[in-house]
Amino acid sequence: MREHDAAQEVLRLAGLRKSYNVGKPTEVEVLHGLDLRLQRRDFVALVGASGSGKSTLLNLIGLLDQPTDGELFLLGEATRHMDDARRTALRGSAIGFVFQFHHLIQAFNALDNVLMPLMVATGKPSREQVERGRALLAQVGLAGLEQRKPDQLSGGQQQRVAVARALVTRPALLLADEPTGNLDSTSAAEVFALFRKFNREFGCAVLLVTHDGRLSAQCDRTVTLVDGRIDSDTGAAPTA
Amino acid sequence: MPMWIEWTIATQFLREDKAQSTLILVGIGVGVAVIVFLTALITGLQGNIIERTLGTQAHIRVQPTEEVNRILAPADGAVQLVLENKRAQRLRSINNWQQVRDVLDTLPQVSAVSPVISGPAFARRGEALESVALIGIDAERYQRIIPIQDDVIAGVFRIGAGDTVIGKQLAADLGLRVGDKLRLDGGQGRDSVVNVAGIFELGVRELDARYVYLDMKQAQALLDLPGAATLIDVTVDDIFSAQQVAARIARLTGLKAESWMDTNAQLMNALRSQSLSTQMISVFVALSVALGIASVLSVSVVQRTREIGILRAMGTTREQMLGVFLVQGALFGLSGSLLGGLAGWGLVGAFNTFGPKLFYIPVDPWLPVAAALLATVTGIVSAAIPARRAAGLDPVAAIRHA
């Protein structure tokens with residue numbers, strides 16, 4: 001697990017801007033200078049109408065895309081001018097992703113899917129790492145299903161595998177894009193409960209993009225994005 | 001282990017696309033089998049043809065230069081019209097052939113030297129008459145050039161003291177058996193009766209019908225060339241260097257030296273064309289195998305775009321992504337060629353066992369190894385384009401890819 005300084009700052013956006021088609025007549029700015037801070041243990045819902053820039057922001061925070069202007073600090077590191085290799089390494093170690101459509105690698109079984117971020121970073125997993133993967137699968141309620149391929153699991157089970165995979169590197173920040181959007185309400189509640197649980201146990205910050213008002217209401221803090229600007233940031237604790 | 005994750009992902013991907021992998025493996029296997037079999041067949045065939053050709057002839061034949069007319073130079077200012085008839089080439093000895101023989105013996109590339117006196121004669125038995133070629137040899141030296149004793153089918157190879165060895169066809173034509181007498185007529189009243197000590201079969205009808213082996217002395221007497229040798233047969237270590245060695249001998253001795261490649265120019269030409277067409281076929285088969293691998297992997301990259309995006313989001317580097325697809329290409333090439341090498345080997349074995357049995361195809365054990373190596377490299381090269389595309393995918397777009 002990464003150790004942080006006293007400030008416990010996981011993420012800081014400073015005047016973050018993103019434009020598409022830069023330099024062309026069709027240039028359009030999607031994010032107009034965002035400032036935001038995320039602390040350890042934050043549990044934040046990011047809401048906004050479609051087209052408000054949620055996905056763009058999530059891709060920037062996930063280091064999958066690069067801002068046009070401003071800076072994005074992840075664990076205190078300025079990331080805008082990082083080269084691809086360093087950005088990839090930082091993404092692998094500091095961020096866990098959960099996508100709407102579970103997105104497992106079909107060729108691998110549940111356990112290997114969970115271990116994939118570790119294997120990509122360090123090669124053949126150690127016994128300790130395999131145990132960690134098994135434990136995580138057990139914690140998401142999938143003990144005994146380690147050898148199942150994704151197509152032998154239900155949608156809810158697959159999404160729980162994805163949650164375990166996102167957490168196996170013990171990331172400082174968990175990004176979830178409509179993680180329950182594709183699940184029935186029971187499974188959705190289970191997955192959400194997992195986020196809560198790992199937020200408490202591991203202390204990782206959770207940023208959850210959602211349309212679901214009931215879901216965002218259960219988060220500690222809600223950031224609302226309107227037309228590429230932060231419209232409101234409610235419930236932000238004055239201290240972490 | 002280096003590239004462990006690339007290998008792991010690559011093999012899992014291949015295993016997941018079983019049908020696709022199997023089809024392309026069979027495709028590669030067929031291609032490699034064709035190349036291996038064809039190469040082995042043509043190499044074997046050519047080796048066999050050369051061996052047969054050279055089994056009954058020396059690599060280089062040294063002879064006296066042809067006799068030419070000497071024409072008196074015209075006086076200054078005069079115009080001379082000459083009607084020239086080419087001179088008849090009478091049977092002549094090589095001047096100082098013993099010395100030439102000793103010089104040739106010292107040449108480094110030369111493995112055997114055999115002086116021969118050869119000329120025409122008639123063989124007679126009762127009413128039957130056959131024209132033959134008298135071959136007067138130094139038995140020990142000659143056998144290092146043409147292992148004639150291996151081709152003796154009756155009696156023994158023994159010449160000298162009135163003994164001769166003749167071909168199977170001549171024996172049949174004259175109704176001769178080992179121990180029978182044969183009258184040889186060298187013309188102008190020179191004749192002698194010899195004893196048939198052995199009968200050989202070289203497998204070349206012309207030779208089997210015409211060659212009569214004698215001791216040099218006896219042949220010299222019959223041809224009225226005492227102490228002579230009309231030609232010197234030479235073999236070299238590397239048969240394909242015969243031409244250079246022949247040129248060297250010609251320069252060194254001033255005699256006419258012809259290599260087997262000159263006397264068999266048409267054969268050489270045919271062999272060369274055959275090799276060329278084999279290579280062309282191999283290249284085009286290899287090309288279509290390479291295109292097959294490239295297209296299968298290109299489809300795979302498109303099919304796996306989303307998974308590639310997820311892997312990238314999980315921290316997989318561009319280089320690792322590149323590696324995953326290069327490894328797939330290498331695995332295709334390697335396992336396909338092992339399959340094909342085995343099949344090619346089987347085909348060669350089947351040809352040797354059930355084929356027309358005209359000749360035996362030896363399999364160079366390096367051929368399958370070389371084929372496997374080449375196919376692996378081909379696989380990697382073919383995978384380069386799809387692999388680069390996979391590595392260059394934008395993760396954001398890839399993850400959204402339906």
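Just so you know, all these numbers are worked out from the coordinates, no wet-lab data involved. Keep in mind that what you see is a predicted model, and the values were worked out from it rather than measured. Every residue, glycine as well, gets a Cβ built from its backbone with ideal geometry; the counts of neighbours run over all protein chains shown.
A few points about this structure:
- All Cα pairs of chain B, percent lying beyond 30 Å: 61 percent
- Residues A:THR234, B:THR378, A:THR169, A:THR56, sorted so that the one with the fewest Cβ neighbours within 10 Å comes first: A:THR234, A:THR56, A:THR169, B:THR378
- Ranking of B:ILE281, A:ILE105, B:ILE71 by neighbouring Cβ atoms within 10 Å, starting from the fewest: B:ILE71, B:ILE281, A:ILE105.
- Amide hydrogen proximity for A:LEU225: with H placed 1.01 Å from N in the peptide plane, the residues at 5 or more positions away or on another chain lying under 5 Å are A:VAL47, A:GLY48, A:ASP231.
- With Cα atoms, 0 to 90° folded angle of helix B:318-354 axis to chain B main axis: 40 degrees
- Nearest-ten-degree value, helix A:110-122 long axis tilted from longest Cα axis of chain A: 60 degrees
- Percentage relative contact order, chain B, counting C-alpha pairs under 8 Å, at least six apart: 26 percent
- Vicinal HN-Hα couplings computed from phi for the range A:77-82 (Karplus, 6.51 cos²θ - 1.76 cosθ + 1.60; Hz; Gly/Pro x): 9, 6, 10, 4, 9, 5
- Between B:GLN266 and B:LEU374, the distance separating the two model label sites (each 7 Å from Cα on the Cα→Cβ line) works out to 3.1 nm.
- Gain in span if fully extended, B:LEU342 to B:ASP76, counting 0.36 nm per residue against the direct Cα distance: 87.9 nm
- Calculated mean residue ellipticity, 222 nm, the protein assembly as shown: -15500 deg cm²/dmol, from DSSP H runs (n ≥ 4) at -39500 (n - 2.57) each, averaged per residue and rounded to 500.
- Between B:TYR360 and B:SER277, the distance separating the two model label sites (each 7 Å from Cα on the Cα→Cβ line) works out to 2.8 nm.
- Helix B:242-253 vs. chain B, principal-axis angle (Cα, 0 to 90°, nearest 10): 40 degrees
- Amide H within-cut-off set for B:LEU214, under 5 Å, with H built and near neighbours excluded: B:ILE135, B:GLY136, B:ILE137
- Taking other C-beta atoms within 10 angstrom as a stand-in for reagent exposure, B:ARG272, B:ARG92 fall in the order B:ARG272, B:ARG92, fewest first.
- Only lysines eight or more places from B:LYS256 in sequence, or on another chain, were considered; those with a Cα closer than 25 Å are B:LYS86, B:LYS217.
- When only alpha carbons are used to place a centre, the range A:202-229 and the range B:34-96 end up 97 Å from one another.
- Under 13 Å from the A:ARG196 label point (7 Å along Cα→beta-carbon), backbone N, the range A:91-120: none
- Using C-alpha pairs under 8 Å with a sequence gap of at least 6, the mean separation divided by the residue count of chain A gives a relative contact order of 28 percent.
- Where labels lie 7 Å past Cα in the beta-carbon direction, separation of A:ALA143 and B:ASP180 in nm: 10.1 nm
- C-alpha center-to-center spacing [the range B:157-235, the range B:266-316] in angstrom: 61 Å
- B:LEU91/B:THR22 FRET efficiency (R0 56 Å; Cβ-Cβ; nearest 0.05): 0.20
- Label point at A:ASP233 placed 7 Å out along Cα→Cβ; residues across the range A:18-51 whose backbone nitrogen lies under 11 Å: A:34-39
- 19 Å reach of a label modelled at B:ARG190, 7 Å along Cα-to-Cβ, counting backbone N of the range B:220-264: B:220-232
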